[in-house]
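For reference, the structure is listed below as structure tokens.
The values are calculated or read from the model by the stated rules, or taken from the named source; none is laboratory data. Remember, predicted model here, so these are calculated numbers, not experimental data. Please note: Cβ atoms are built from the backbone with ideal geometry, for glycine as well, and neighbour counts cover all protein chains shown.
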């Protein structure tokens, strides 16, 4: 391992490092954007690459043996879990179309990984060679992207009808709340994923942001939401439910924050998911340790205020990473309550498979701690087919007004659309 003072590195070192890293078919970069307001923490700033991933798991059943690694090796594991892993956990399936076709799950052991500390950079692997290669990497001039106008997979009128149908389901006792999502997509897209990621990161900084390359598949993520984090046997989750647009002046901004904090519908949505998360964590927690350190916290991001709660528990010593995922995945904030029935209805009402959207992207560190985000506010891109996907959603309760839920979807898409608009030719 090589340690380098950050003061010895050029200001554009991170941009050079990611540019260098994307030559590898397996590349994962995690970014916190210096946002520390989250009670559960943030992503660490990490970059990991590998030329191959022999024996990589594709199912939860294969995950524990893979994460056990090779004795004497102290490596992180980097990867993703798509929403479709629900089909392995519960008796579910999806017949909806997908233009993405990610593997259901994938983690890899990096050949080289970089870890940013407060004042130093750690380089693990062929450290001196890697540092020299990164320093020699030039950042190409960004070529204008070719992105046709995004099309809605579900017409606005169909989305409004779906919201009304979900409200009827709620009235009939099928669910209490359901997260209804929709896709905006384009085909024959040509863009530079690295340039697009940095633009998204500039427009929408987030504590759980990241860049992922899996062969020809890319994730460009600006997520504000923590799915799960575990440190020293304490596991935490931070469901987001409740959104308000930022105000144009400090006074109006504070008014928007207070309006979100005191909105009974938003509080009810948040509380329902907090109860669901408490129940999920209880399945892997020491009895009596599940707690809610923060309920209805208001957190400001570039475009929106979010209502975020924190649920925490002490893990039982006999559970492994796959056990935790079986108990908690998919996250309640992106499904609804009760979770299984909500997922069945999601399959009925939505027009496409979600893929990595509302799945998770994260890492397991050598000491066994891990951090997983919720993949939202993100672009999924296939360089081989030119398929680009932006998915957004909102939580539907009986009090939902269909037109307002549609506007909430557009508000959540704002940062991603703004980033796209600046790179299109």
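Remarks
- Criterion applied to 37, 23 was being modelled with pLDDT of 95 or more and surrounded by fewer than 18 Cβ atoms within 10 Å (Cβ to Cβ), and the one residue passing it is 23.
- Unmet requirement for residue 159, which otherwise passes all of (1) modelled with pLDDT under 95; (2) part of a helix (DSSP H, G or I): (1)
- Set side by side, the residues 143, 132, 195 differ, and just one is at pLDDT below 95, more than 30 Å from residue 237 (Cα to Cα) and crowded, with 19+ Cβ neighbours inside 10 Å, which is 195.
- Selection from region 355-367 of residues that are touching a residue at least 40 places away in the same chain (Cβ under 8 Å) and over 19 Å from residue 334 (Cβ atoms): 363, 364, 365, 366
- Residues in region 377-405 that are surrounded by fewer than 16 Cβ atoms within 10 Å (Cβ to Cβ) and touching a residue at least 12 places away in the same chain (Cβ under 8 Å): 384, 385, 398, 399, 403.
- Test: residue in region 364-373 that is within 14 Å of residue 79 (Cα to Cα), in a loop (DSSP other than H, G, I, E, B) and at pLDDT below 95: yes
- Applying a threshold of 7 Å to beta carbon distances and a minimum spacing of six or more residues, or different chains, the list of pairs starting in region 64-81 at a residue that is at positive phi and in a loop (DSSP other than H, G, I, E, B) and ending at one that is surrounded by 13 or more Cβ atoms within 10 Å (Cβ to Cβ) and at pLDDT below 90 reads 69/75.
- Of the strands (runs of 3 or more DSSP E) lying entirely inside region 206-274, none contains at least 1 residues that are touching a helix residue (DSSP H, G or I) at 6+ places or on another chain (Cβ under 8 Å), without any contact (Cβ under 8 Å) to a residue 60 or more places away in the chain and closer than 18 Å to residue 414 by Cα.
- Looking across region 310-320 at every residue that is modelled with pLDDT of 95 or more and in contact with a helix residue (DSSP H, G or I) (Cβ under 6 Å, 6 or more places away or on another chain), the one that is farthest from residue 222 (Cα to Cα) is identified as 313.
- Options 340, 396; residue that is over 16 Å from residue 97 (Cβ atoms) and in contact with a strand residue (DSSP E or B) (Cβ under 8 Å, 6 or more places away or on another chain): 396
- In region 302-345, the residues that are part of a loop (DSSP other than H, G, I, E, B) and surrounded by 20 or more Cβ atoms within 10 Å (Cβ to Cβ): 329, 330, 331, 335
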